[in-house]
Amino acid sequence: MNILRKTATLVVSAIALTLILIAPSRAADPLGTWLTGDKKGKIRIVSCGAAICGTLVWLAEPLDPDTRQPKVDKNNTNASLQTRPLLGIPIVLNMAPTDGDKWEGKVYNAEDGGTYTGSFTMTGANTAELKGCVMGGLICKGQTWTRSN
């Protein structure tokens, strides 16, 4: 009876270890609030369907130094959007998962008003790289973001 019990324990342990080893690695969680690489803003990343989306929720300098009013999206290439407040604008746009720790879609850059092909890649539990690219990915610019929540 003792040998049977030890054998059963060994078999169950072996099965559990096998399941752990063959289970797909789980992606780091991108959801939350992120401090941008230049430390000028915070972006809140949320699920939007199967994708992720992010909006600007904090600015280090929320007031325009010239007008002393809340900053607006004055550089937007769409003139009808140039008077909208910067806080609350979408930055990470419908990025779909491509592999365990990477999402691809579009990214809006409020500094130049352009929307670019982009990616969000988890580089650690509390760090991520956001990239925006032009010319089919030939030229890219990125920032390392740090989780702030």
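The values are calculated or read from the model by the stated rules, or taken from the named source; none is laboratory data. Since the structure is predicted, the reported quantities are computational estimates derived from the model, not experimental observations. No Cβ is skipped: glycine too gets one built from the backbone with ideal geometry, and neighbour counts run over all protein chains shown.
Figures for the structure shown
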| item | result |
| --- | --- |
| Unmet requirement for Ala51, which otherwise passes all of (1) modelled with pLDDT of 95 or more; (2) over 28 Å from Ala28 (Cα atoms) | (2) |
| Residue count, region 79-105 (criterion: aliphatic (A, V, I, L, M) and within 13 Å of Ser119 (Cβ to Cβ)) | 4 |
| Listing of strands (runs of 3 or more DSSP E) fully contained in region 28-73 that carry 3 or more residues being more than 18 Å from Thr115 (Cα to Cα) and in contact (Cβ under 8 Å) with a residue 24 or more places away in the chain | 32-35, 51-59 |
| Selection status of Val57, surrounded by 14 or more Cβ atoms within 10 Å (Cβ to Cβ), of a type outside the set (D, E, K, R) and closer than 26 Å to Thr123 by Cα | yes |
| Answer residue from region 11-30, given it is surrounded by fewer than 14 Cβ atoms within 10 Å (Cβ to Cβ) and at pLDDT 50 or above and is nearest to the chain's Cα centre (by Cα) among those | Asp29 |
| Qualifying residue in region 94-102 (condition: closer than 18 Å to Arg44 by Cα, in a loop (DSSP other than H, G, I, E, B) and more than 15 Å from the chain's Cα centre (by Cα)) | no |
